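Notes to accompany the following structure.
The values are calculated or read from the model by the stated rules, or taken from the named source; none is laboratory data. Quick caveat, the model's predicted, so the values are computed rather than measured. A quick note on method: Cβ atoms are made from the backbone with ideal geometry, for glycine too, and the neighbour counts reach across all protein chains shown. What goes into the accessible areas is simple: the full protein's heavy atoms, side chains included, and nothing from ligands, DNA or RNA. Shrake-Rupley method; radii C 1.70, N 1.55, O 1.52, S 1.80 Å.
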Amino acid sequence: MDIHHLARMANQIGEFFASGMEHEAAVTATVNHLRNFWEPRMRHQLIEYAKSDGAELSAVARAAALTLG
């Protein structure tokens, strides 16, 4: 899957949770969502992107991806 699309989706998920929670709670909720609803290869791509560059990821999405990794 295109990493730009994955980054955008992860940012949207993170933004949703960040709108009603503190940062750490939003990261935890994003991690849980990614574990429950994303297939392993999507998570793997996102994790590798966050580790290598992650420029397109929001703070919440990047922290969630690194937590998963």
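Among the residues of the stretch 41-69, write down those that are surrounded by fewer than 16 Cβ atoms within 10 Å (Cβ to Cβ) and either among the small types (Gly, Ala, Ser) or touching a Lys or Arg at 6+ places or on another chain (Cβ under 6 Å) (or both).
SER52, ALA55, ALA59, GLY69
As an exercise: evaluate MET9 against (1) free of Cβ contacts under 8 Å to residues at least 12 places away in the same chain; (2) over 9 Å from the mean Cα position of the chain (by Cα); (3) open to solvent by less than 80 Å² (accessible area, probe 1.4 Å) and give the number of the one condition it does not meet.
(2)
Could you tell me whether any residue of the stretch 25-40 is free of Cβ contacts under 8 Å to residues at least 24 places away in the same chain, over 12 Å from the mean Cα position of the chain (by Cα) and open to solvent by less than 50 Å² (accessible area, probe 1.4 Å)?
Checked the stretch 25-40: at least one residue is free of Cβ contacts under 8 Å to residues at least 24 places away in the same chain, over 12 Å from the mean Cα position of the chain (by Cα) and open to solvent by less than 50 Å² (accessible area, probe 1.4 Å).
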